[in-house]
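Structure first, then comments.
The values are calculated or read from the model by the stated rules, or taken from the named source; none is laboratory data. Because the structure is a prediction, the values reported are computed rather than measured. Cβ: placed from backbone, ideal geometry, glycine included. Neighbour counts: every protein chain shown. The accessibility values were calculated without ligands, DNA or RNA, using every heavy atom of the protein model including side chains. Shrake-Rupley method; radii C 1.70, N 1.55, O 1.52, S 1.80 Å.
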Amino acid sequence: MKKLASILIAGAICSCVCAQTRSIAPEGYEWADSLVYTPMSAVDESLQGRTVFSAMPGNVTVNQSPALRDSLAAYIGRNQGRTVNGYRIRIFFDNKQNSRSASESEAARFRTLYPGYSVYRSFANPFFKVTVGDFRTKSEANVALRVIVNDFPTAFVVREKLRFPALDPKSYTVDTVRVLRKIEEL
């Protein structure tokens, strides 16, 4: 028991010393936070709608019960229309007499300015709405909003139900890393 207590105390002292030495930068250097961008993996569209069994290469033989294949097909069928909570950007929201044509023209203008985003027009009595994009998180929507608000000043982020959107191959995850850098003197 005494050995265990002494090992725990030694470990705590060592971790405190290591933490203190890491936070003190050598002379002429300073700690700085740096952002690391890691590309997100995209969904492989060549496999969309296929099962594991139909994607097997060459002459692989799978011996299984037909009930398993039927169960997998039923599971895929049940979840096809499933939705998730996500975010979109509303660029148009109006209930005037010419709102239908105005929403069509705003949607067309958005498509020409930002061809990479999906555009959705809807009517919820008495409002015509135009929302754009499929964002998994509010922070992704806010990043896009900063750009879109230049052309559509009344745009704002809304929470909506989305179908499972494919990951954008140009999407990145951002992480903060602490680095030691040399202080540049002017």
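Using the Cβ-Cβ distance between ALA124 and TYR75 with R0 set to 41 Å, the FRET efficiency from 1/(1 + (r/R0)^6) comes to roughly 0.80. A simple spin-label model places the labels of THR154 and THR112 2.0 nm from each other, with each point 7 Å out along Cα-to-Cβ.
Close amide H pairs (under 5 Å, H built 1.01 Å from N) link PHE92 with VAL130, residues at least 5 positions away or on another chain. Quick one: Debye curve from the alpha-carbon atoms of segment 52-155 only, equal weights, vacuum; give me log10 I(q)/I(0) at q = 0.18, 0.22, 0.24 Å⁻¹ to two decimals. Values returned for q = 0.18, 0.22, 0.24 Å⁻¹ are -0.87, -1.15, -1.28. Rolling a 1.4 angstrom probe over segment 66-118 with all protein chains present gives an accessible area of which 51% lies on carbon and sulfur atoms. Residues in segment 69-97 near a label at VAL60, defined as backbone nitrogen under 19 Å from the 7 Å Cα→Cβ point? Answer for this model: 69-73.
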